[in-house]
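Visitor: One structure is given below, represented as structure tokens, and several questions about it will come after.
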């Protein structure tokens, strides 16, 4: 396994770091950021900067306007972009659009790519992925999927409720997961449907107030009531929705790790600089073991996360099944990254709890990562189940 970076990726990494530092950090105090993410005006302004810098949509193929990076290249650039909460927005690699673009590129027919992937890759529109449901529907257990899609002539009619649907407010495209009966187009199971979000039958009931505030459009509760989707708007094949969900979720867990690793590095840098200059009891606080050891632990957690990400990226680039590896990466990285930000706040003391540094903001944004894309406890259960079944790691 070769961890060396090609010269072109090193150059792109340096360009991205410079772009984030010079162009994006000044926007972090922009008032056009609210409790439900950056405004559409700010999003488009940031995207224009990313486009001008030639950094837009690095994860998508060049034929759709991206840079065509493999997963290892993405790991480097996504981490660099994640140094600022607004970096992924500027590069058009923020969730959920980044993962939705990946899903469309892998699964969608050409006509769907022309209609939806192309404007997504250009940053002209946003999208959402409607799978999670309020109790007693599907959450960590997808088998509880309760939203239904019933056949009616050449349409499917979708009914149900979804919640915690990131980016729904202001999205143009919804990818909707619903349970279907056996059909001439495929077996009974779950199916993904493509629908404009302004279609009759879709109601955004409310936007949830959440701990994190960095996702455009926030997190919504949606009601589907008699939504008619033509059979031509099925994504992939009927009955294959759960399989396609893994096509989307396994890489998406890893790209979350990449972006949040950049944020952890930012928190660590802020804390390290403070520890070098803040004095107590006659010397810089970083020279006291209580603080110095926290900085050392940060370094180790950052390195561990980076190595796990790169190893999992290598597995994906070999075309190997990586569901198990992505679960390992998600748990290891989300908990290590959380520890880094938590220690950084502790090192900063009272300053860390204020808005005078970026750390309090990162603290709020990163904590939910241990829950979304599958709670860590569910991933641990899956890892243990595989171990018991195979006897190998």
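Visitor: Residues being under 21 Å from residue 115 (Cβ atoms) and free of Cβ contacts under 8 Å to residues at least 12 places away in the same chain: count how many of those fall in the range 37-67.
Guide: Number satisfying all stated conditions: 2.
Visitor: Limited to the range 115-155, what total is found for residues that are more than 20 Å from residue 165 (Cβ to Cβ) and without any contact (Cβ under 8 Å) to a residue 24 or more places away in the chain?
Guide: The number of residues fulfilling the criteria is 3.
This table checks each residue for (1) outside the structural domain of residue 313 (by TED's automatic domain parsing); (2) in a loop (DSSP other than H, G, I, E, B); (3) over 30 Å from residue 34 (Cβ atoms); (4) at pLDDT below 95.
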| site | (1), (2), (3), (4) |
| --- | --- |
| 157 | yes, no, yes, no |
| 160 | yes, no, no, no |
| 164 | yes, no, no, no |
| 190 | yes, no, yes, no |
| 203 | yes, no, no, no |
| 217 | yes, yes, no, no |
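Visitor: Whether any residue in the range 245-252 is in contact (Cβ under 8 Å) with a residue 24 or more places away in the chain, under 30 Å from residue 16 (Cα atoms), in contact with a helix residue (DSSP H, G or I) (Cβ under 7 Å, 6 or more places away or on another chain) and not in a helix (DSSP H, G or I) is what I want to check.
Guide: No, every residue in the range 245-252 fails to be in contact (Cβ under 8 Å) with a residue 24 or more places away in the chain, under 30 Å from residue 16 (Cα atoms), in contact with a helix residue (DSSP H, G or I) (Cβ under 7 Å, 6 or more places away or on another chain) and not in a helix (DSSP H, G or I).
Visitor: Give 280, 245 a once-over and let me know the one that is on the phi < 0 side of the Ramachandran plot and surrounded by 16 or more Cβ atoms within 10 Å (Cβ to Cβ).
Guide: Working: 280 fails: surrounded by 16 or more Cβ atoms within 10 Å (Cβ to Cβ).
So the residue among 280, 245 that is on the phi < 0 side of the Ramachandran plot and surrounded by 16 or more Cβ atoms within 10 Å (Cβ to Cβ) is 245.
Visitor: Check whether at least one residue in the range 215-234 is within 22 Å of residue 28 (Cβ to Cβ), out of contact with any strand residue (DSSP E or B) (no Cβ under 9 Å at 6 or more places or on another chain) and in contact (Cβ under 8 Å) with a residue 40 or more places away in the chain, and report yes or no.
Guide: There is no residue in the range 215-234 that is within 22 Å of residue 28 (Cβ to Cβ), out of contact with any strand residue (DSSP E or B) (no Cβ under 9 Å at 6 or more places or on another chain) and in contact (Cβ under 8 Å) with a residue 40 or more places away in the chain.
Visitor: Report the residue count in the range 13-44 for those that are surrounded by fewer than 18 Cβ atoms within 10 Å (Cβ to Cβ), within 22 Å of the chain's Cα centre (by Cα) and closer than 16 Å to residue 214 by Cα.
Guide: 9
Visitor: Picking from 103, 67, which residue would you name as being over 21 Å from residue 266 (Cβ atoms) and surrounded by 24 or more Cβ atoms within 10 Å (Cβ to Cβ)?
Guide: None of the other options fit; the residue is 103.
The values are calculated or read from the model by the stated rules, or taken from the named source; none is laboratory data. Just so it is clear, the structure is predicted and the values come from calculations on it, not from any experiment. Glycine also receives a Cβ, built like all others from the backbone with ideal geometry; neighbour counts cover every protein chain displayed.
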